[in-house]
Structure formats: structure tokens, C-alpha cells
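Enquirer: The following block contains the structure, expressed as C-alpha cells.
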Amino acid sequence: MSKLRWGIISTGRMAGWFCNDFHQVTHSVLSAVCSRSEAAATQFAETYCIQHRFTNLDALLTSGTIDVAYIATPHTTHKDILLKCFDRSIPVLCEKPFVTSVADAEDVITAAQQSNTYFMEAMWTWHLPVLKAAKAWVEAGRIGNLVHVRADFGYPVTYAPDQREYDAEDAGGALREMGVYPVALMRLFMDEPAQDLHVVHQRAPNGVENDLTALFDFGDRTATLSTSYRCRLRNAAHIIGEDGYIVIPDFFRADRADLYQLDDLIETAAFPRQTGGYEYQAIAMGEELASGRQTPALVTHKKSLQIQKDMRDILLKAGLSE
């Protein structure tokens, strides 16, 4: 079988991390890259041995050089690119968050379904073997009934209002940039809608959130999620049940999970690797396309939409607009 040809839309940091791990994706090849800058496209193509380079999105999508697109442009540009891919029936892996509003999320999912085009949000952490092992422990009842999920993700980011992370006109703020990881971690283990939500936050001088903690009340269980541009958080996840709990250090790039009963460590799931871990999602997508699936099995459209709703609700509780 011929290899799946990927087109990389962006030459930024995230696209580089993704391509760094692509040598592990044996059923696929990096075929093309698209950037508004010819110099950036050329340099990126040379770095990752990509044959075709483009400075125009339409030219890429009509070139016949790609079977799949990976989108790693700024959040606010995703929707238009996604819809263009669907018009060409090109399957897409799109960086998270794949849009910046619930309405746009619904539009994108509807368009993907109506065009029968495979689309997956790049929730790469869900594909890590460690997260899959932790999920299996919970489903097997190893920690008993789930009671709490706790997760945080934050790194210092120097304030600069014209920098994308802080740009109020470009969906800036800690929630979408870093907080999406804790929100997604919660939704990996919890499906039901929250009964209540409490949010404590701080704002940068231009008004975007730079530190935030959200408490989700699900009735018989809770989730506490934190994110920050002000400081490095522990960046760990705790999945806590009535009979035990799971600790996942650096859960956003996890290579180990520990299972406890009371104070006793009873099992460790360790998956050391030499990569960043971005290859797993590309491998999964290629396998699903080969099997004829029209939608992803793990990062479902329903889950992606729920994550968008959770982030909207957090922002509204903080007095911020979606």
C-alpha cells in the first residue's frame, strides 16, 4: 500500500514538534508544507525533508500532493481552513482548540459530517499509552467509584499584549492555550454535564486571563482544574476514587502513572519514549482512515464539542467573552 501523504499547514513551533516525531509514523510520509512566507516554507521543508512547499492554501489543497492535512495555525484561523479542507474531502487533524466558540464548533462538526470527511481534534495526550493505561484502570474498577479529578497546567509567559498568548483579538489567554489540557483531561474521565461551576481568576493588564482555577460540581463528583501564565504549576493529574487513586506526573506529556490504594503504591504503568509523543495521534488517525472510519473513536466530535462548552462556561463565569 502507498503511504498516506500529509500536508502540514503552518511552520510554527507546534508544527515543528509534530514533524519531529513523524519518523515514528510508518504508514505515512510528510509530503507538503504551506506557509504565507516562502522562506519559512522552504526552511521547514528542508528541515523535515518535505518535497512540496506552498505559500497559498488553495494551491496546496488542489495540488494532488496530500491525502491528509494537519493544521497548526493560530486558533482563530482554524475554522476557515477546516471548511476548505472539507470542501475538498481532505481528512484533517487540527490542533486544539480547533475553534474558539461553541457555535463555530457546531458549524465545523456539521460540515465534516455533511461532507463525510474525517476530522479529529489533535488532543494528542489522550493517545499517550500512559493515559490509556490510566483510563483502563478506572474502567476496570481499580480505584472504585470516581470521586475527584484534579489537573493543572501552567508555565510563566512574560506579558506582551501583541504576543499571541496574550492577544485579546486573537483568542489569547491562559485557558485556551494551556487550560485546554486540564479541561480535556477531565473530559477523558467524565462525560456528564456539570451541575455547577465556580471560577477564580486573575487578569493581565489587557484583560485576558493569566491565572485561573475552575471547580466543576457534578453532584457526586468534582473536578478542580488550574492553568496559569504567572507561574509553573505542578502540571500533574490526580484521578481519585473511593478505593484508590492515580497520580500522573506531567500528565500533558506523561510517560508514567502510579496507582495507589491509601498510602501504598501498588502498580506503575511506565512507557518511556525517545519522542515528544505527538506521533501516536497520527498513527491512530492513519489506522482509522485505512479501516474506513468516518469519525475518530477516541477524540469524538461529541467530546470536542463538550470541551468547547466547558471552556465557554469557564470564560463566562470569569466575566470574559467566549
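The values are calculated or read from the model by the stated rules, or taken from the named source; none is laboratory data. Just so you know, these numbers come straight off a predicted model, no measurement behind them. Glycine gets a Cβ as well: all are built from the backbone with ideal geometry, and neighbour counts include every protein chain shown. Heads up: the accessible areas ignore ligands, DNA and RNA and are worked out on the full protein's heavy atoms, side chains in. Shrake-Rupley method; radii C 1.70, N 1.55, O 1.52, S 1.80 Å.
Enquirer: Just to be sure I understand the filter: pairs with C-beta atoms under 6 Å, separated by 6 or more residues or on different chains, first member in region 34-53 and without any contact (Cβ under 8 Å) to a residue 40 or more places away in the chain, second member loosely packed, with under 12 Cβ neighbours inside 10 Å and in a loop (DSSP other than H, G, I, E, B). Which pairs pass?
Expert: Cβ pairs passing all conditions: none.
Enquirer: Just checking, how many residues over region 281-305 are surrounded by fewer than 21 Cβ atoms within 10 Å (Cβ to Cβ) and either touching a Phe, Trp or Tyr at 6+ places or on another chain (Cβ under 9 Å) or not hydrophobic (A, V, I, L, M, F, W, C) (or both)?
Expert: 13
Enquirer: Pick out the one residue from I248, I266 that is within 24 Å of P129 (Cβ to Cβ) and open to solvent by less than 40 Å² (accessible area, probe 1.4 Å). Break it down stepwise before answering.
Expert: Numbers: I266 fails: open to solvent by less than 40 Å² (accessible area, probe 1.4 Å).
After ruling out the rest, the residue left standing is I248.
Enquirer: Is one or more of the residues making up region 172-180 touching a residue at least 60 places away in the same chain (Cβ under 8 Å) and more than 24 Å from K302 (Cβ to Cβ)?
Expert: Keep residues of region 172-180 that are touching a residue at least 60 places away in the same chain (Cβ under 8 Å), which gives 173, 175-176, 179-180.
Then keep just the ones that are more than 24 Å from K302 (Cβ to Cβ); that gives 173.
Yes, some residue in region 172-180 is touching a residue at least 60 places away in the same chain (Cβ under 8 Å) and more than 24 Å from K302 (Cβ to Cβ).
Enquirer: Return only the number of the condition from (1) assigned to a loop (DSSP other than H, G, I, E, B); (2) within 30 Å of Q24 (Cα to Cα); (3) small (G, A, S); (4) touching a strand residue (DSSP E or B) at 6+ places or on another chain (Cβ under 7 Å) that G144 does not satisfy.
Expert: (2)
Enquirer: Identify, please: which residue in region 46-80 is β-branched (V, I, T) and under 24 Å from E287 (Cβ atoms) and is, among those, nearest to the chain's Cα centre (by Cα)?
Expert: Of the residues in region 46-80, the ones β-branched (V, I, T) are 47, 50, 55, 62, 65-66, 68, 71, 73, 76-77.
Add one more test, that the residue is under 24 Å from E287 (Cβ atoms), and what stays is 50, 65-66, 68, 71.
Working: I50: 24, T65: 26, I66: 23, V68: 18, I71: 12 Å.
Filtering first and then ranking leaves I71.
Enquirer: Further, regarding this structure: Here are some residues: V157, V130, V68, V147. Which one is touching a residue at least 24 places away in the same chain (Cβ under 8 Å), of a type outside the set (D, E, K, R) and in contact with a Leu (Cβ under 9 Å, 6 or more places away or on another chain)?
Expert: Working: V157 fails: in contact with a Leu (Cβ under 9 Å, 6 or more places away or on another chain); V130 fails: in contact with a Leu (Cβ under 9 Å, 6 or more places away or on another chain); V147 fails: in contact with a Leu (Cβ under 9 Å, 6 or more places away or on another chain).
So the residue among V157, V130, V68, V147 that is touching a residue at least 24 places away in the same chain (Cβ under 8 Å), of a type outside the set (D, E, K, R) and in contact with a Leu (Cβ under 9 Å, 6 or more places away or on another chain) is V68.
Enquirer: Still on this structure: Hey, can you tell me all the residues within region 168-182 that are open to solvent by 40 Å² or more (accessible area, probe 1.4 Å) and either of a type in the set (D, E) or under 10 Å from the mean Cα position of the chain (by Cα) (or both)?
Expert: Let us first name the residues in region 168-182 that are open to solvent by 40 Å² or more (accessible area, probe 1.4 Å), namely 168-169, 177.
Once the filter is applied, which keeps residues that are open to solvent by 40 Å² or more (accessible area, probe 1.4 Å) and either of a type in the set (D, E) or under 10 Å from the mean Cα position of the chain (by Cα) (or both), region 168-182 yields E169, E177.
Enquirer: Got a sec? Which of L315, L259 is over 30 Å from D167 (Cα atoms), open to solvent by less than 10 Å² (accessible area, probe 1.4 Å) and in contact (Cβ under 8 Å) with a residue 24 or more places away in the chain? Let's see the steps before the verdict.
Expert: On the way: L315 fails: over 30 Å from D167 (Cα atoms).
Within the list L315, L259, the selection yields L259.
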